[in-house]
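Novice: I have a structure I would like to understand better, so I am pasting it below and will then ask my questions one at a time.
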Amino acid sequence: MKQLAEIMKDIAAQSLSRGEVDLVIGWQKGPLWWQSYPAFIEGNEGNGETGSLTWDSFCVPNLSRYLLEELPERKKVALFVKGCDALGFNQILQDKRAEREKVVLYGIPCTGLVDPDKVESAGLGRGLLEVKRDGDELVFVYDSGEQKAQARDFLYDKCLTCRYPNPVVYDQMLGEAAPVQPEERFESVQELEKMDADERFAYWARQFSRCIRCFACRNACPACSCRECIFDIPEPRWLGKANELSETQFYQIIRAYHVAGRCVDCGECTRVCPVNIPLQELNRKFIKDINELYGEYDAGVDPEQEAPLVTYKTDDPAAFTES
Amino acid sequence: MAQNNLLLPQVAVVEEISTETSDIKTFKVASQGGGSPLEFLPGQCAMLSLPPVGEAIFSITSSPTEKDYLEFSIKKTGSVTNFLHEIEEGYQLGVRGPYGNGFPLEMLKGKDLLFIGGGIGLAPLRSLINYCLANRGDYGQVDIVYGARTPDDLVQRAEIFDNWPRASNTNVYLTVDVEWEGWDGHVGFVPQYMEEIGFAPENRIAVTCGPPIMIKFVLEGLERMGFKPEQVITTLELKMKCGVGKCGRCNLGDRYVCKDGPVFTYAELLNLPPEY
Amino acid sequence: MKKIVKDKLPSLWEQLSSQATLFLPVEQDGVVNFAPWEEGDSVNLEALNTVVPPKNVVFPQTETYMRFKVENDKLHIEPFEQNGPYVLFGARPCDVAGITLLDKVFLQEPEDGLYSRRRREGTVISVACNEPDAACFCTSFELEPGMAPGADIMVWDMGDYLLWKAQSEKGEKLTGSVENLLQEAAEEEQKAAMELKERVTAKEAAAAQEMGWDPSGVKETLKDMFDSDIWEQFFRRCLGCGICTYICPTCHCFDIQDYSKDQEGGRFRCWDSCMFADFTLMGSGENPRPTRKERVRQRFMHKLCYYPSNFGLYACVGCGRCVRKCPVNLDIAQVIKEVGGVKSGSE
Ligand code: SF4
Ligand code: SF4
Ligand code: SF4
Ligand code: SF4
Ligand code: FES
């Protein structure tokens, strides 16, 4: 992966200095082992900052979403996209919130990213200085030495089920295609479907009761791209500000419905949730239902493909109107 | 046991509503048993409650020398103010306050006063003007420059046309932004008019309130006329919720406008972040 | 000093919860938060910091304080308060320090009655930290992982037992009420705890120092940095969510809203966040902090410059919550380091 980081630095420096783009969005390393965060490098030389770009097992934040804020202010923006980020980009494109010609995409074949919570629960977090990826293995670096482990045991759940680790859209691909070996993604949905309505209600009530209403799930989502979110409009205030379960359920149901058919299953909502609400399970239930009702559809794969929920057909199954 | 819950309003009655302009009304508010619900200083504010719509803060436009009621001149801008414009006399609402520092009365004593107001911005100034006129001996000359977009947008007509011009050693200069049928007074923007008239800064304090853009030009004009930032006072409007410096919403740097303001000298504002 | 063997903790929970609402760190679906204890809850005293700090015990996220009814233009208003004594067990020293910082805001004149009543009614029991993690930096604010001066009772986890020390009148009283479960601690046991405390503090201070998380001087440096370019490098990655402020033990901002059915309802206050776009948005549509840049600056300036200028202390206790939970690692430790760097660079 080191190598890829070097390629990223070079390519960013080049496109900035040639004036091809006026902003490069990548990742930078923070002071702690799990911190790799979005970096914004501007100016025609990148102010010498392109050297700070990084690529490691923690470059999880989806950069596509930032186009919503940055693109209107810029001539042209370059960003690095993993498989899931590319899906998000396509969705933003399909929702007409970005212009393809104003964006340069550098594709990153992704072998999965490391979930810091899994490292902590395995008791490996104490004194950890760095985590390096070495093929199928991770190397945990401590003052006292190194320790190796199977990478797959520490990857985000969303990475274990990822079907598009190689970007579906890019201008230039950096590196060899990554292997595609997804686990079944609807397993937890099937578990939920086995519950009866009351159990399911209780399950989600318990999950949502932890919600602190920070709106991080919405703000991180590439499908939540409305210019003004209904939940932000002060008047009329559709969503009460009291942190009551009923209000939270209202919020979460509207959120899930509003991304239904547009959710690219990138898992950002679930990752950013500070109280572990498994939002991806809910989104996937929608995806599964849509697949069953309207035929297989993967949001974000092909922005030209007709999206099932926004396409009118006279023979629409319209199952939700059946009694 | 109800402890000193700062956020709890008292019930008061809207005794009288007068229409000032197409979108401004003045409300007279008294306690249920009669009398002003609060004791206050000119320049202070009060929170008006209209459950279930909510609360909003307004400057008190009546003078503290008026003991029978509080007055608020309110422009329609949001849900609470829209609702207020719908109610009728006799309606009950909640009041809490007073909030803020008010005008620095000590500093104004013995000085000539120049008031510069625009539109609804006359509301806080009016409290001070009437207070000064009621304590006429404590102040020197009083000059009032007031303007609005059209003659129909001028508020407190009885006072600006009759009461104030008749008060001793008091001048009122009115202006409107645009030519208007039936208006033979001055036409032009407030800041320019103020400079046209010309006021010497010696022993004078300028007090201004109005739309942000007007305030900006007034401050520049005053500076040109030789006023020092310490001689210029303005009052700010920010979104507020608690009124007591706790909800954290109305800060300019380390100052809370609800508590340390809304009245600031221009000199003070120059030392605060321009987030207003 | 007293001690309680860990086997007796379930009895302690029962006894405490029979006299007051007992807030404990309870684990649910892998998330540990303070909650009113109920039989069968999985109490987790090992987890370092709860996701949401116990500020929601003294300053609930949503708190109805008034009921109203509008009838033929007549308005009826009644105060509404949920009274009752409570015990907060398991607050970490940084959490307790966070509460004392909230005290400064809410108890200063004019005193906030809702808050002060809650403070009076509660007894706070703090559990010392034996193993701060990489995100902790309380020692940077002259706090000790092993000591919470603001707690009514201080407790140290010594393996099989908890060493127990009452630090206030309230603490003495509560100690008396559970005397049956406590034993006198031996001299050596007390000594062992104090040694542990010193060791942990020294280790933690060294770690924070090594990271460059040293705020001394930052409040002065920031005074001239309102217009600094430094905010440029921070704000772009911010998602504008409310995580960092909601989970911060020192954030005190709130909103006030009404709810109603027909003409009857209540008024509540609820947490709000300067990171939200509508925080300063006025009815007229004007917004003095229109973009994430002004909002990010406000958050850090408030904690590291404005609050200190009003109260003499930083509004950060180094609990590390924003370090752990910000989805894009825009945390206060990095800002402290950067701003501190500006200072030493110009010297
Ligand atoms: S709903 Fe969640 S998984 Fe779906 S696109 Fe949005 S952030 Fe990604
Ligand atoms: S700093 Fe981080 S936690 Fe705070 S609002 Fe921004 S993204 Fe959210
Ligand atoms: S700013 Fe961050 S580290 Fe400091 S007290 Fe708040 S959450 Fe904790
Ligand atoms: S202004 Fe922002 S940082 Fe300060 S207390 Fe309020 S929410 Fe927290
Ligand atoms: S209105 Fe709450 S702090 Fe000013």
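Novice: How many Å³ per residue does the convex hull of the Cα positions in the range C:219-343 occupy?
Specialist: On the way: hull volume 16.8 nm³, N = 125.
Residue-normalised Cα hull volume stands at 135 Å³.
Novice: With respect to the cross-link table entries A:LYS285/C:LYS55; A:LYS9/C:LYS223; A:LYS9/A:LYS288; A:LYS29/C:LYS293, which display a Cα-Cα separation exceeding 29 Å?
Specialist: Working: A:LYS285/C:LYS55 36 Å; A:LYS9/C:LYS223 35 Å; A:LYS9/A:LYS288 40 Å; A:LYS29/C:LYS293 21 Å.
With Cα atoms farther than 29 Å apart: A:LYS285/C:LYS55; A:LYS9/C:LYS223; A:LYS9/A:LYS288.
Novice: Diagonalise the Cα gyration tensor of the range C:154-229 and give the resulting equivalent ellipsoid semi-axes, square root of 5 times each eigenvalue, largest first, whole Å. The partial results should precede the final answer.
Specialist: Numbers: eigenvalues 320, 69, 15 Å².
Gyration-tensor ellipsoid for the range C:154-229: 40, 19, 9 Å.
Novice: Would you order B:LEU174, C:LEU16, A:LEU309 from fewest to most other beta-carbon atoms within 10 Å of each residue's own beta-carbon? Don't skip to the end; give the middle numbers.
Specialist: Details: B:LEU174 19, C:LEU16 23, A:LEU309 14.
The most exposed by this proxy come first: A:LEU309, B:LEU174, C:LEU16.
Novice: May I ask for the equivalent-ellipsoid semi-axes of the protein assembly as shown, computed as the square root of five times each C-alpha gyration tensor eigenvalue and listed largest first in whole Å? It would help to have the intermediate numbers written out before the result.
Specialist: On the way: eigenvalues 512, 262, 171 Å².
Result for the protein assembly as shown: semi-axes of 51, 36, 29 Å.
Novice: Place a +1 charge on the Cβ of each Lys and Arg in chain A and a -1 charge on the Cβ of each Asp and Glu, then give the dipole magnitude about the Cα centre in debye, rounded to the nearest 20. Mind showing how you got there, number by number?
Specialist: On the way: 38 positive and 54 negative charges, 134 e Å.
It comes to approximately 640 debye.
Novice: In µm²/s, what is D for the range A:52-95 at 20 °C and 1.002 mPa s, where D = kT/(6 pi eta Rh) by Stokes-Einstein and Rh is the Kirkwood radius from Cα pairs?
Specialist: Numbers: Rh = 11.4 Å.
Once the numbers are plugged in, D ends up at 188 µm²/s.
Novice: Specify which residue in the list A:ALA197, B:LEU128, C:GLN28 is farthest towards the positive end of the charge dipole of the protein assembly as shown, using unit charges on the beta carbon of Lys, Arg (+1) and Asp, Glu (-1), about the Cα centre.
Specialist: B:LEU128
Novice: Which far-off residues, 5 or more places away or on another chain, put their amide H under 5 Å from the one on B:LYS111, with H placed in the peptide plane?
Specialist: When sequence neighbours closer than 5 places are left aside, the close amide H contacts are B:GLY140.
Novice: For every helix of n ≥ 4 consecutive DSSP H residues, a contribution of -39,500 (n - 2.57) applies; sum these over the protein assembly as shown, divide by its total residues, and give [θ] at 222 nm rounded to the nearest 500 deg cm²/dmol. Walk me through the intermediate numbers first.
Specialist: Details: 30 runs with 277 residues, N = 946.
Counting only the DSSP helices, I get -8500 deg cm²/dmol.
Novice: In whole percent, what relative contact order does chain A give with Cα contacts below 8 Å and a gap of six or more residues?
Specialist: Working: 507 pairs, mean separation 50.0, N = 323.
Relative contact order here is 15 percent.
Novice: Another question, if that's okay. Given springs between every Cα pair under 10 Å in a Gaussian network model of chain C, which of C:ALA206, C:ALA91, C:ALA333 has the largest fluctuation?
Specialist: C:ALA206
Novice: Of the GluC sites (Glu not before Pro) in the range B:163-207, which ones lie in a loop per DSSP and count no more than 12 other C-beta atoms within 10 Å?
Specialist: Listed in order of number, the matching sites are B:GLU179, B:GLU181, B:GLU202.
Novice: For B:VAL207, enumerate residues with amide H under 5 Å from its amide H, sequence gap 5+ or separate chain, H modeled in the peptide plane.
Specialist: Those lying under 5 Å, H to H, from B:VAL207 are B:LEU114, B:PHE115, B:ILE116, B:ILE233.
Novice: Can you compute 3J(HN,Hα) from phi for each residue in the range A:33-38, using the Karplus curve 6.51 cos²θ - 1.76 cosθ + 1.60 with θ = phi - 60°, rounded to whole Hz and x for Gly and Pro?
Specialist: For the range A:33-38, the Karplus curve yields 4, 8, 8, 10, 10, x Hz.
Novice: In whole Hz, with x marking every Gly and Pro, tabulate ³J(HN,Hα) for the range C:25-42 from phi via Karplus 6.51 cos²θ - 1.76 cosθ + 1.60, θ = phi - 60°.
Specialist: x, 10, 9, 9, 6, x, 10, 9, 9, 6, 8, x, 5, 10, 3, x, 5, 9
Novice: Within the range A:249-323, which GluC sites (Glu not before Pro) sit in a loop by DSSP and count at most 15 neighbouring Cβ atoms inside 10 Å? Write down the numbers at each step before the final one.
Specialist: Working: sites: A:GLU268, A:GLU281, A:GLU292, A:GLU296, A:GLU304, A:GLU306, A:GLU322; in loops: A:GLU296, A:GLU304, A:GLU306, A:GLU322.
Taking the range A:249-323 and a limit of 15 other Cβ atoms within 10 Å, the loop GluC sites (Glu not before Pro) found are A:GLU296, A:GLU304, A:GLU306, A:GLU322.
Novice: Considering only DSSP states other than H, G, I, E and B, which trypsin sites (Lys or Arg not before Pro) in the range A:226-311 qualify as loop sites with at most 12 other Cβ atoms within 10 Å? Mind dumping the intermediate values first?
Specialist: Values: sites: A:ARG227, A:ARG237, A:LYS241, A:ARG255, A:ARG262, A:ARG271, A:ARG284, A:LYS285, A:LYS288; in loops: A:ARG227, A:ARG237, A:LYS241, A:ARG262.
In loop regions of the range A:226-311 (DSSP not H, G, I, E or B), the sparsely surrounded trypsin sites (Lys or Arg not before Pro) are A:ARG227.
Novice: Additional query: Averaged across the residues of A:216-229, what count of C-beta atoms belonging to other chains lies within 10 Å of each residue's C-beta? Don't skip to the answer; put the middle values down first.
Specialist: Details: counts 11, 2, 3, 8, 4, 1, 0, 0, 0, 0, 0, 0, 1, 1.
Average neighbour count from other chains, rounded to a whole number: 2.
Novice: Ok, one more. Could you please state, rounded to a whole Å, how far the C-alpha centre of the range A:221-253 is from the C-alpha centre of the range A:161-209?
Specialist: Cα centroid to Cα centroid, the span is 24 Å.
Novice: Treating the Cα atoms of the range B:153-216 as identical point scatterers in vacuum, please give the log10 of the normalised Debye intensity I(q)/I(0) at q = 0.16 Å⁻¹, two decimals.
Specialist: So the normalised log intensities are -0.67.
Novice: If you average over every viewing direction, what projected area does the convex hull of the Cα atoms of the range B:10-99 give, in nm²? Walk me through the numbers before you get to the answer.
Specialist: On the way: hull surface 20.3 nm².
The orientation-averaged projected area of the Cα hull of the range B:10-99 comes to 5.1 nm².
Novice: Restricting the count to DSSP beta bridges whose residues both fall in the protein assembly as shown, what percent are antiparallel, rounded to a multiple of 5?
Specialist: Numbers: 94 of 139 bridges.
If we restrict to bridges inside the protein assembly as shown, about 70 percent are antiparallel.
Novice: I need the Debye-formula profile for the range C:2-211: one equal scatterer per C-alpha, no solvent, reported as log10 I(q)/I(0) at q = 0.14, 0.15, 0.18 1/Å, two decimals.
Specialist: Per q value, in the given order, log10 I(q)/I(0) is -0.88, -0.99, -1.37.
Novice: Across the range B:6-14, in residue order, what do the Karplus-derived ³J(HN,Hα) couplings come to in whole Hz, using 6.51 cos²θ - 1.76 cosθ + 1.60 with θ = phi - 60° and x for Gly and Pro?
Specialist: Here the 3J(HN,Hα) series is 5, 8, 7, x, 9, 7, 9, 10, 7 Hz.
Novice: Of the peptides B:153-164, B:119-130, how do they stack up when ordered by the mean number of other Cβ atoms within 10 Å, highest first? List each step's numbers first, then the result.
Specialist: Details: B:153-164: 17.5, B:119-130: 26.3.
Sorting B:153-164, B:119-130 by mean packing, highest first, produces B:119-130, B:153-164.
Novice: Here's another thing I want to ask about it. Using modelled backbone amide H atoms (1.01 Å from N, in-plane), which distant-in-sequence or interchain residues come within less than 5 Å of C:THR123's amide H?
Specialist: C:TYR86, C:VAL87, C:LEU88
Novice: For peptide A:261-274, compute the average count of partner chain beta-carbon atoms within 10 Å of each residue's beta-carbon. The partial results should precede the final answer.
Specialist: Working: counts 0, 0, 0, 0, 0, 0, 0, 2, 0, 0, 1, 7, 4, 14.
Other-chain Cβ atoms within 10 Å of each residue's Cβ, averaged: 2.
The numbers here are math on the coordinates, done by the rules we state, and not lab data. Quick caveat: nothing in here was measured; it's all calculated off a predicted structure. Quick reminder, even Gly has a Cβ in these numbers, built from the backbone with ideal geometry, and neighbours come from all protein chains shown.
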